[in-house]
Every structure is written in structure tokens, then in C-alpha cells.
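Report on one structure; see the data block that follows.
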Amino acid sequence: MRVKRRYMVALMILLLIASGFTYQVVGVRKDMKEMLPPGQMIEVNGHQMHIYASGKKEGEYTTVLTSGSGTTSPFADFYPLYSNLNANRHVVVYERPGYG
């Protein structure tokens, strides 16, 4: 009886893990279709990078914003800065490989 109960508990745990894994895979695939990056994805040295550009392209200056260590989303973190700079210049925000 005890052995049968242990097998049932092990089976239930495996089913729970498998269902959680399946749920995660389906959710990630759905998110990748629905949540597209606001900028462009370009390939650099075999890695995908997210580049967001806005503002006057014909302006005299282009400002490139890059993140330091610990910035989880440069596009979102730099929004207050580049939204104010857009009127006067071309602003480019890039996310290092692995972010975008």
C-alpha cells in the first residue's frame, strides 16, 4: 500500500511539473506574438539587439543612449529623457544583446 501511494504522489508531482512547464511554454509563445518591440530588432555579430530611434532625423545632432549595468529596460528607463530630447534632435536607444 505504501509503495503504491508513493508512486501516486510521485506521479502527481510529475504531472504538476509537466503542466506548469506546458503552461509556461504556451504563454511565452503567445507573448512573443503579441508583444512586439517598439523599435527594430537588428542582428549584430549573431546576436539580436533592440534599437529604438525617434526625433528629428535631419537635425544636427544624434544622441545615443546606452545603459549601464543593472538597467533592466533602457527603452523604458530612458523614456523621460528621450521624450524631452525628441523635439531638438535624433535620439537612439539601444539595448545590449540579451535585453531585446
Please identify the pairs in which a residue from region 67-80 that is free of Cβ contacts under 8 Å to residues at least 24 places away in the same chain and assigned by TED's automatic domain parsing to the domain that holds residue 95 has its Cβ atom under 8 Å from the Cβ atom of a residue that is surrounded by fewer than 15 Cβ atoms within 10 Å (Cβ to Cβ) and outside any loop (DSSP other than H, G, I, E, B), counting only partners at least 6 apart or on another chain. 71/77
Every residue in region 61-73 that is of a type outside the set (A, V, I, L, M, F, W, C) and out of contact with any His (no Cβ under 9 Å at 6 or more places or on another chain), please. 66, 67, 68, 69, 70, 71, 72, 73
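The values are calculated or read from the model by the stated rules, or taken from the named source; none is laboratory data. Bear in mind that the values here come from a model prediction, so they are computed numbers and not experimental data. In this analysis, Cβ positions are derived from the backbone assuming ideal geometry, glycine residues included, and neighbour counts consider all displayed protein chains.
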